[in-house]
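To start, the structure itself, in structure tokens.
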Amino acid sequence: MTYTPTKTDFPQVAQRPDPQGRFGAFGGKYVPETLMPALSELETAFAQYRQDSAFQQELDQLLKDYVGRPSPLYFAERLTTYYAHSDGSGPQIFLKREDLNHTGAHKINNALAQVLLARRMGKQRIIAETGAGQHGVATATVCARFGLKCVIYMGVHDMERQALNVFRMRLMGAEVCPVEAGTGTLKDATSEAIRDWVTNVETTHYILGSVAGPHPYPMMVRDFHGVIGQETRVQCQEKWGEPPDILLACVGGGSNAMGLFHEFLGDASVRMIGVEAAGEGIASGHHAATLTQGQVGVLHGAMSYLLQDEDGQVTEAHSISAGLDYPGVGPEHSYLKDLGRAEYYSVTDQEAVAAFERLAQLEGIIPALETSHAIAYLETLCPQLTGSPRIVLNCSGRGDKDVQTVAQYLTQEHESTL
Amino acid sequence: MATSVSDCFGRLRDRGQCALIPFLTAGDPDLETTAAALQKLDASGADLLELGVPYSDPLADGPVIQAAATRALQGGTRLDAVIERVSALTPSLQAPIILFTYYNPIYHRGVPTFLNQIAAAGVKGLVVPDLPLEEAHDVLEIAQDVGVELTLLVAPTSSQERIAKIAQESQGFIYLVSTTGVTGMRTQIEARVQDLLLELRQTTDKPIGVGFGISRPEQARQVRDWGADAAIVGSAFVKRLAEGTSAQGLEEISRFCRVLKAALQSEP
């Protein structure tokens, strides 16, 4: 392992966000006045219950018995062999199996914790936005578990490409509201969820599904997913007695990546890599590579990198993966990028689909298309590495929901090459 | 040539009048129509004019104004063109123009540049629905320097403590959001608006404009009777302008503006 971090110490990383909800210049609360008291209320409740042993006990018990945590840290032997150098050395690849959680993705960690918080805050109605449908399913699941009314906003385009998840949400009693505005994807669903919250804020809790949105969401969602990194540390310790060398995760809004990264931010030796969606390619303009291609702006309540035009209009993102198809990104990722603490790259739809197939064939694991982006980056990363560094890749979700999309994509590819 | 927003309210208060502030989305369906509409409203009793800059993600707006913004953007409405059109128009208008825009277009251009440009175009006021007090300090400061008044919003959910702080910082007037919700037409104005007006009145002598949800003459009269200094009417104008041909729309909003004005001037 010869990788040397560019900076050796990141003391400022520890105290974020500041009391205004800022990660450096990023974050904040850019929302209508109507929501400001609700955000303060949420901040207070979060601060209170995260210290509350009864809350923590209930959450830990449910994470264990209902979600199935801890999720395994699995040594991907054949994938490791696939990327081995000719001299037999090469990166050792481990998958943090969030795909094995109940409902099939990391999203339930946050949905479960927020619903426990909402119950304590006396909110009887839950709303959420969803892109790939994994957060929607997680939210519908925990609402069914606790008998709460649940409304999920989902873009019409996403409802089409994630029809299985729409069915799952409805099966569990959630109302799925189609959002036709804009491109009918995650951005529009989020705007509509915020409009609902503005309207029903006195009775409703909004379970935001990523480390995005106004303060305290980026902090709270990160902390609720922090269990991913905490378990990883313990599992690495058990397996080889040291922290991992490299963390790798996909980034749309960035919740699974923050959940994994957060625990290790102070470990200067741990390299962190986030992978965004380059869609049809950066040059095509049809992509969702917010951190690598965007400019700083404000969307859905937070200042962060943002895909926008010269007038500051938010532009349409594109990705084969509904969960990454978002023109914004969580503010802490913007902060970590500018600080140089984490690196961000992008891979195309085509590369992601190839990785989807590769993991299925080499490991018998069908990953979500979102996760496939992180897997695809191994193609670039592994040849650059010397020695045998240990990579932990967050296998954030399973791909059952995506098989139709991939089948369709491969058919089109096949036809276009005939 | 219009006066500042504060002076305009001062004159109306001297005459014991409640102001009428119609709202339109710039560029819906095109900027020629917007300019003609503003002139018609100016001549039909509007005391101030609120002009919305169309935005891709208007999360404080209901379906009517969202649709107007989408039409305007699809028609190619650009920020520079809006500012140019306003600049050409303001010398002939009696009513001061208040620009309504989300924060990202301001931030993207640069707060000082944006404020200087709209001030040079003769814009007198600014409302930014996603810029609460905590995030507004830079804009408040620079706005004051360039002679544009940034009006902050108070909502039914705002605590007494927040209301007092917002009232203190708000420039021109205080925008009281009449409902927990987005912009749009509603069948009745929530009774708690009366309490909020009383509460605000005890805190500040700045003018108070009530908006979000007022669409009918009797609703405008109601908020006036509850002590509002202005009734802000948006979706009901946007919807009328969009129906039928441009000429029909212009005729209809002029008529509607006169009806609202008459209601506001009627005996209590």
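The values are calculated or read from the model by the stated rules, or taken from the named source; none is laboratory data. It should be emphasised that the depicted structure is a prediction, and the values quoted were computed from it without experimental measurement. No Cβ is skipped: glycine too gets one built from the backbone with ideal geometry, and neighbour counts run over all protein chains shown. Areas reflect the complete protein model, heavy atoms only, side chains present, ligands, DNA and RNA absent. Shrake-Rupley method; radii C 1.70, N 1.55, O 1.52, S 1.80 Å.
Please compute the average number of Cβ atoms from other chains found within 10 Å of each residue's Cβ in peptide B:52-58.
6
Between A:ALA354 and B:GLN94, what's the calculated FRET efficiency when r is the beta-carbon distance and R0 is 56 Å? Round to 0.05.
Using R0 = 56 Å, I get an efficiency of 0.30.
Nothing charged except the Cβ atoms of Lys and Arg (+1) and of Asp and Glu (-1): what's the magnitude of the dipole of chain A about its Cα centre? Round to the nearest 20 debye.
1180
Which whole-percent values make up P(r) of the range B:82-173 when all C-alpha to C-alpha distances are grouped in 10 Å steps starting at zero?
Result, from short to long distances: 16, 50, 27, 7, 0 percent.
Sort by residue number and name the cysteines in the protein assembly as shown that have no neighbouring cysteine Cβ under 4.7 Å.
Taking the Cβ cut-off of 4.7 Å, the unpaired cysteines of the protein assembly as shown are A:CYS177, A:CYS236, A:CYS250, A:CYS382, A:CYS395, B:CYS8, B:CYS18, B:CYS257.
State the Cα centre-to-centre distance between the range A:262-304 and the range B:1-19 in whole Å.
The range A:262-304 and the range B:1-19 have Cα centres separated by 49 Å.
Highest mean first, what order results for A:206-214, B:246-254, B:15-23 on Cβ atoms within 10 Å?
For the peptides A:206-214, B:246-254, B:15-23, the packing ranking is A:206-214, B:15-23, B:246-254.
Put a dot 7 Å past each Cα toward the Cβ at B:SER159 and B:ARG255; how far apart are the dots in nm?
Calculated label separation equals 5.0 nm.
Just tell me how shielded B:74-81 is by partners: mean number of partner chain Cβ atoms within 10 Å of each residue's Cβ, no decimals.
1
For a Förster distance of 25 Å, can you work out the FRET efficiency between the beta-carbons of B:VAL146 and B:ALA81, rounded to the nearest 0.05?
E between B:VAL146 and B:ALA81, to the nearest 0.05, is 0.75.
To check my understanding: the extent here is largest minus smallest coordinate of the Cα atoms along each principal axis. What are those three numbers for the protein assembly as shown, in Å, largest first?
Taking the Cα atoms of the protein assembly as shown, the three principal extents are 89, 60, 49 Å.
At B:GLN248 and A:THR81, where each label point lies 7 Å from the Cα along Cα→Cβ, what is the point-to-point distance in nanometres?
My value for the distance between the label points is 7.4 nm.
May I ask for the accessible area buried between chains B and A, both sides summed, probe 1.4 Å, to the nearest 100 Å²?
Answer for the B-A pair: about 2900 Å² buried.
Would you mind computing, in nm to one decimal, how far apart the modelled labels at B:GLN265 and A:GLN237 are, each placed 7 Å from Cα along Cα→Cβ?
Each label point lies 7 Å from its Cα, and together they span 7.9 nm.
For the range B:53-101, I need the span (max minus min coordinate) of the C-alpha atoms along each principal axis, in Å, sorted largest to smallest.
Result, largest extent first: 32, 21, 13 Å.
Taking GluC sites (Glu not before Pro) as exposed when DSSP calls them loop (any state but H, G, I, E, B) and at most 11 other Cβ atoms lie within 10 Å, what is the longest stretch of chain A free of them, the sites themselves excluded?
A:1-179
How high is the FRET efficiency from A:ALA144 to A:GLU202, r the C-beta distance, R0 22 Å, rounded to 0.05?
0.40
Averaged over A:179-192, how many beta carbons belonging to a partner chain fall within 10 Å of each residue's beta carbon?
The mean count of partner-chain Cβ atoms within 10 Å per residue comes to 2.
Among B:LYS206/B:LYS239; A:LYS123/A:LYS149; A:LYS239/A:LYS337; A:LYS29/B:LYS206; B:LYS40/B:LYS261; B:LYS40/B:LYS239, which pairs are too far apart, with a Cα-Cα distance over 19 Å?
Checking Cα-Cα distances, B:LYS206/B:LYS239; A:LYS239/A:LYS337; A:LYS29/B:LYS206 exceed 19 Å.
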